[in-house]
Structure formats: structure tokens, C-alpha cells
Amino acid sequence: MEPEPAPSILQRIQSPADLKQLSAAQLSQLAAEIRQELVQTIAQTGGHLSPNLGVVELTIALHRVFDSPRDALVWDTGHQTYVHKLLTGRQSGFSTLRQPGGLSGYPSRQESAHDLVENSHASTSLSYALGIAEARLRKGQPGQVVAVIGDGALTGGMAYEALNQIAHLQPPNLTIVINDNGRSYAPTVGGLARHLAQLQVDPRYENLKEEISRRLRDLPLVGARADQAAFRVKESLKQLLQPSTVFDSLGLKYTGPVDGHDIQALESMLRRARGLRTPVVVHVVTDKGHGYSPAVEDEIDKLHGVGSFDPLTGRQHTTELTYTDVLGEALLAAATRKPEVVAITAAMASSTGLLPFAQEFPERFFDVGIGEQHAVTFAAGLALAGLRPVVCVYSTFLQRAFDQVLLDVGLHKLPVVFVLDRAGVTGPDGPSHHGVFDLSYLRLVPNLKIAAPADATELCALLETALASDGPVAIRYPKGTAPATPDLPVEPLPIGRWEEVRTGEDVCILAIGRMVGVAEEAARRLESRGLSCGVINARWIKPMDPRLVGEWARRYPALVTAEDNVRTGGFGSAVLEQLTAAGLGGKVRAVLALPDDFLSHGRQADILAAHGLDADGLAEAVAKAVQPARRGVRA
Ligand SMILES: Cc1ncc(C[n+]2csc(CCOP(=O)(O)OP(=O)(O)O)c2C)c(N)n1
């Protein structure tokens, strides 16, 4: 007879309170069950694999020592909250993770009282936590506040700004847990990462501190000579106790490092920190991907963020050529010809396609950590001194650096190239990851030229154009598969020049980026309904082609704009501004764009379709927009 499988402990955990009765053996079984659940589910849904595998024991310990939601847990970035979700009553919905209508891949206030903030952009936890801690103190509210921040997120400027104020305010109800796995996606770089690594190899620090404190307490203080001796010993011991971590130097208590996969050790350190009534930094050392060898052994990013994959091998299912791959190859080719080209990433080398560049030109490649603001002004400095920096960043993360783009680059007219990956609707990562605001916030930067390629060849040509330009240029392109492999070599494109890719008589769709292909398909469908529809690839959002006013707005009876950006201040707005100034604003019958809202997570194509930005939606909207002017369109 087969032995009965051991009853699942995970299934019995409906809330953190259920964790508190478990024995050490049961806790380690629970950790194993959680890892299995993570691998099986993420293999189907995709998501943040190794960050969650790494915090299984830490999350269990935190929920045993602290009493969420009375004690506030703030997870930095929020990509590592799957285990927290499993332990806070969301097991039954876990298979819907990142699926349309399902659980979010980040904390979600709608989902649970245990989720306090909806983050996903890194380095905000200490600021949120300090605010909550301070407000609770002022209102006399009980409960600790715990921020869990990775060594990667700790490279972001906001984290330092918050640490500075924490050291000033010294809130007694705040604990800072550093989840140090030595990596962002790639190994974390920089002075702070080096410092944390040194603290790991020198765990004597903590023991030494305790030993010295004990001896100070035990010193006999009898007689004058003994007093003098004691005084001298105390003074020299004080020297030894001089701050030796960056946190001590700021005036914050530091404790650790502790093995982040040893639940008992974690618990005892967290309990001590909790009892200290002063802000404490608890340094926890974890292993990214712990317990799943394909993640641990992955050289590139430990399977940080994955699509669906085979749980046995860790191999991911998609192998298609993406815009990211195309940019990576194009930049490498350009850099081979132009020695002044350098590339900058804010901790996202693999996901912005920079690995080939980093490998070929390590001395021309800069990973600045999760510091988008710094990345932009650093690029400005490089450009001031004669290099040609290319800042490779997700559209959503450049939001962080708006002022730096505006003043440090824009005001100085510096030839910095911004390549904005994941522009438009991204999909399963949800509201904070859609790159749907970039046209609006970049359009208002004087001197900045903005382009969106309609295909892979155009992306390569626009990169050439940008590198040949004497001022700043931003190129935005979507997440996902490029429609075709690029047709190389390419020549720079004339700046501000659009292309009429299809002529028509009744109406013309002015489309940007990925919407060009959608508009062409819509035009074909409209033709079969008796409507002659032109399509213009408006590849420059700024500056716009003067033929808009001089030719197309006069030739076409009606115009419709299409973009995967929010309507507010986007491409359609730009067209309206231009045409209104020329007395031709009435020609624009519809601005097809995304709403003035945060879009939830879901499949990219579904979200676009839900907002009328697929071929059917465009065709419908165009037909409706021109109907009064042109009767006889077949429904
Ligand atoms: C402002 C910002 N830039 C970039 C990212 C992309 N990103 C998500 S997780 C991550 C690495 C975080 O490293 P760490 O905080 O150490 O957490 P780990 O995944 O290693 O546990 C990065 C760069 C982000 N979320 N926010």
C-alpha cells in the first residue's frame, strides 16, 4: 500500500494567527509546501519567482513575530509578496495570480487588509513606513511598523532620503528589515552592496558588540585605582564600539547578519529588535531562488521575473524575438561603429536587452543600481563631457526622473538618448507598470524629440537617427514580440517626418508605434464596409510633420488619432493643439487613446481591446466618427 501523503500544513493556514501554534518541524514542512506552490503556480502564471522563493522563511518569521495588520508590514517594491499572500488568506485564489480579474502580482489594498500600499516601483518602503510610524505615534495608535527592503531597492535614492529622516526622528515603533540576497536582477553593484557584503563576512561584529557590552556591565568599580583602570578600559572599549556600519554611523541600531532561511534564528532576532523601542536595522541574508535549483543556478538573473515555464527544468516557453532583443542588438552594432556610445541601466540590464552590450563593452556599460534619477543626470554629465549616453529604461520607471529629463537634459539640450522599453500597455504587472504616461510627460520637455517605431526596422533606424542628433531624443516601444526581424542595414530617418503608409479618401488614421499596424488592419476592414481609410505612421510625436497642417488636414475630410498612451496630453492632444492653432481642429473627429485612469492587470491584447485599441475597436470608432459626414457606410 502507498503511504498516506502527509496532510498539508499550508492548506490549514487561513490567517497569520494559524502560524503561531506550529512546531519547528511543521514550520519547515510549511516552507517546503510554500516553495512547491510557488513553483507550480508561477510555472503557469509567470511572475516573480526567485524573489519569492528567497523570502519564504522570512515571511513566516515576520508573521509569527509581528501581528499583521495591527503591526504594519510594508514590503518594498512588493514583487516578493506572494508568500505573504499565501499566509494572509489568499491561497484559494493563488492560481489566478496576475490573471485577468485574479490576484495582483503586487500588494493590493482591494485584496486584503494585510496589504497597506500598492507599490511596485522600488525604494519607497522606508518613506511609507516612517510616515505610518510617525502618524501612529502622534495619534497614540499601537503597533509596530516593519519595512522589508531588498539590497537592490536600498540602492534607490528615496531609501537614503528616508534613512536620513528616520535617523532624525528615531521612531521607536519602526523596524527595518534588509533582505540581502546580493542581487537586484543581476548582482547589486555599488558601495552599499559592498558594505553589506563585508558585514556578512564579518559576523563577529555583532558578537563582539555583545561581548563588550557584557564586560562593561561586569567591570568592578571598587577603589580609586580600580576606578581609573575601569575608566581607561571603558574608554578603549568605547573606541572599539565606534560605529562600524553605515547604519550605526547614521545613529540607527544595526543587528545581524542573520541566516534568512533559519526560521528560529530569524524569529529571535526579530523579537529582540521589536523589543528595543528604537528604530532597528535587521540585516537578513537570503539566497535568491532558495530551494529551486534552476533559479539558484541561473547565471543571468536567477529567474527573477519569468513567463510561464516548465517546472521540472525552469525553461521558459517563449523564445520569440522581442523589441528588447532588437534594441540590444542595434545598440551593440551602433557602439561597435561609434566609440563614444555608452549604455546606462538602472539595475535592468537583462530586461532592457543590454547583456550583449555589457559583455562586449564592459567598460562602456554602467549599471547605476535602482537610481533612475541619478541615471539621467549621470547621462547628462557624460554627454556634457562628450560621450553619447543611451539610457535604457522602462517607460514606467523613467517617471521617477522627470525633473532630471526636463532640466538636467532638456534645458541643457544634451544629446542623451532615452530608449523606453515597455511603453504602452504592458499586461500582467498592472497599474504601476503600464507605460501609458510617457508621451504626456515627455511632450512637455522643450528640446526633446520623441519617436515611436512601428516595427523592428524602424526601431533600428530611429536609434541611428537619435545617435546622429545633436540634442536629446526619446524612443518608446512596446513590450513583446517585434512584428518581424529588422531589415538591416538602416539609414537615419529625417526628424519629424511622417509616412502615409496607406492612402484613402474619406478619413485618415494618424497612428503611432504599435497602433500603426492596428490602424492598417482597421483600414482594410473599413474598406470592405465601403469606407476609404488612409493611415499615417506618425512616428515622431515631437516634432510633428508640418504636412499635417499643410497637406493631410486639408486633403482628408476627417482625421482620427490612435495611440497607446493616456488621452490626457498625449499624441492626439498634440495633433489637436497643432490643428486648432491652424483653424483646422474640427477635422479631428476622434482621439483614440487610453482613459485618464490606472489600468488594472490583464493580458496586453485584452486590455487594448477593452479600450477600443484593437483593429475591430479602431474600425468601429472610425466608422462612427465619420458617419454623419459620409452616409452609406455598411454596418
Ligand atoms: C524604480 C524601479 N526601478 C526598477 C524596478 C525593477 N525592479 C523590480 S525588482 C528589482 C530588483 C529588486 O532587488 P531587491 O530589492 O534586492 O529585491 P530582490 O528581488 O533581490 O529580492 C528591480 C530592479 C522597480 N521595481 N522600480
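The values are calculated or read from the model by the stated rules, or taken from the named source; none is laboratory data. Fair warning: this is a prediction, and the values are worked out from it, not measured in the lab. For neighbour counting, all protein chains shown are included, and Cβ atoms are generated from backbone atoms with ideal geometry for every residue, glycine included. We work out accessible area using only protein heavy atoms, side chains counted, and drop any ligands, DNA or RNA first. Shrake-Rupley method; radii C 1.70, N 1.55, O 1.52, S 1.80 Å.
How large is log10 I(q)/I(0) at q = 0.19, 0.26, 0.27 Å⁻¹ when the Debye formula is applied to the Cα atoms of the stretch 352-413, each weighted equally and without solvent?
Taken in order of the listed q values, log10 I(q)/I(0) reads -0.73, -1.19, -1.24.
Label 7 Å along Cα→Cβ of Ala468; the stretch 476-508 residues with amide nitrogen under 14 Å?
Counting only backbone N, you get 489-497.
Determine the relative contact order of the chain: mean sequence separation of Cα pairs under 8 Å and six or more apart, normalised by residue count, in whole percent.
11
Counting only DSSP beta bridges with both residues in the chain, tell me the antiparallel percent, nearest 5.
Of the beta bridges lying entirely in the chain, close to 15 percent run antiparallel.
Is the shape of the stretch 52-209 rounded, prolate or oblate, going by the alpha carbon gyration tensor and its root eigenvalues a ≥ b ≥ c, with a/c under 1.5 for rounded and a/b larger than b/c for prolate?
oblate
Please sort by residue number the GluC sites (Glu not before Pro) in the stretch 248-305 whose DSSP state is loop and whose Cβ has at most 14 other Cβ atoms within 10 Å.
Here the sparse-neighbourhood loop sites are Glu299.
When the distances between all Cα atoms of the stretch 239-333 are binned every 10 Å from zero, what whole-number percent does each bin get?
With 10 Å bins starting at 0, P(r) equals 13, 25, 23, 19, 17, 4, 0.
Determine the share of the chain's accessible area contributed by carbon and sulfur atoms, expressed in whole percent, with a 1.4 angstrom probe.
53
Provide the gained length on full extension for the span Ala32 to Glu521, in nm with one decimal, where the gain is 0.36 nm per separating residue minus the Cα-Cα distance.
Full extension from Ala32 to Glu521 adds 171.0 nm.
Please give the FRET efficiency for Leu411 paired with Ala605, using the beta carbon to beta carbon distance and R0 = 35 Å, rounded to the nearest 0.05.
Given R0 = 35 Å and the Cβ-Cβ separation, E is 0.35.
Considering the dipole of the stretch 61-151 built from charges on the beta carbon (Lys and Arg +1, Asp and Glu -1) around the Cα centre, which of Leu97, Gly143, Val83 is farthest to its positive end?
Checking the options against the dipole of the stretch 61-151, the answer is Gly143.
Compute the length gained on full extension between Thr481 and Asp262: take 0.36 nm times their separation in residues and subtract their Cα-Cα distance, giving the result in nm to one decimal.
Value of the extension gain: 74.6 nm.
For the stretch 277-360, what is the Kirkwood hydrodynamic radius in Å, using each pair of distinct C-alpha atoms?
It works out to 15.6 Å.
Gain in length, Val189 to Lys624, computed as 0.36 nm per residue apart minus the alpha-carbon separation, to one decimal in nm?
151.2 nm is the gain from fully extending Val189 to Lys624.
Take peptides 103-116, 13-26 and line them up by average Cβ neighbours within 10 Å, highest first, as a rough protection proxy.
103-116, 13-26
Provide the descending list of Cα extents for the stretch 494-635 along its principal axes, expressed in whole angstroms.
41, 36, 26
So, with +1 on the Cβ of K and R and -1 on the Cβ of D and E, and no other charges, what is the size of the charge dipole of the chain about its Cα centre, to the nearest 20 debye?
1660
Using r as the Cβ-Cβ distance of Gln165 and Glu4, and R0 as 41 Å, what FRET efficiency do you calculate, to the nearest 0.05?
According to the calculation, E is roughly 0.15.
Within the stretch 536-635, which chymotrypsin sites (Phe, Trp or Tyr not before Pro) sit in a loop by DSSP and count at most 14 neighbouring Cβ atoms inside 10 Å?
Phe598
Per 5 Å bin, what percent of the C-alpha pairs of the stretch 372-513 does each bin hold, from zero upward?
All Cα pairs, binned at 5 Å, distribute as 2, 10, 19, 21, 20, 14, 9, 3, 1, 0, 0 percent.
Taking a probe of 1.4 Å, how large is the accessible area per residue of the chain, in Å²?
Ligands and nucleic acids excluded, the result is 41 Å² per residue.
With helices defined as uninterrupted DSSP H runs, which ones in the chain have an alpha carbon span along their own long axis of at least 27 Å and mean Kyte-Doolittle hydropathy of at least -1.0?
Helix filter hits for the chain: 24-45.
Given the peptides 526-532, 446-452, arrange them by the average over their residues of other C-beta atoms within 10 Å, most packed first.
Result, highest mean Cβ count within 10 Å first: 446-452, 526-532.
Which of the GluC sites (Glu not before Pro) across the stretch 308-365 are loop residues per DSSP, with 14 or fewer other Cβ within 10 Å?
The qualifying sites are Glu320, Glu340.
Can you give the alpha-carbon Rg of the stretch 448-536 over 2.2 N^0.38 Å, where N counts its residues?
1.19
Would you work out which of Pro446, Gly471, Val535 lies farthest towards the positive end of the dipole of the chain? Charges go on Cβ: Lys and Arg +1, Asp and Glu -1.
Most positive-ward Cα: Pro446.
From the gyration tensor of the Cα coordinates in the chain, what semi-axes in whole Å does the equivalent ellipsoid have, largest first, with each one equal to sqrt(5λ)?
51, 29, 22
So if the hydrodynamic radius of the stretch 283-431 is defined as the Kirkwood radius over C-alpha pairs, what does Stokes-Einstein give as its diffusion coefficient at 25 °C and 0.890 mPa s, in µm² per second?
Reported coefficient: 146 µm²/s.
Take Asp597 and Ala24, extend 7 Å from each Cα along the Cα→Cβ direction, and tell me the distance between the two endpoints in nm.
Simple spin-label model gives 5.3 nm for this pair.
Of the cross-linked pairs Lys85/Lys302; Lys20/Lys253; Lys302/Lys542, which ones have a Cα-Cα span greater than 31 Å in the structure shown?
Lys302/Lys542
Would you mind getting me the FRET efficiency between Arg315 and Gln44? Use the beta-carbon distance for r and R0 = 22 Å, nearest 0.05.
0.95
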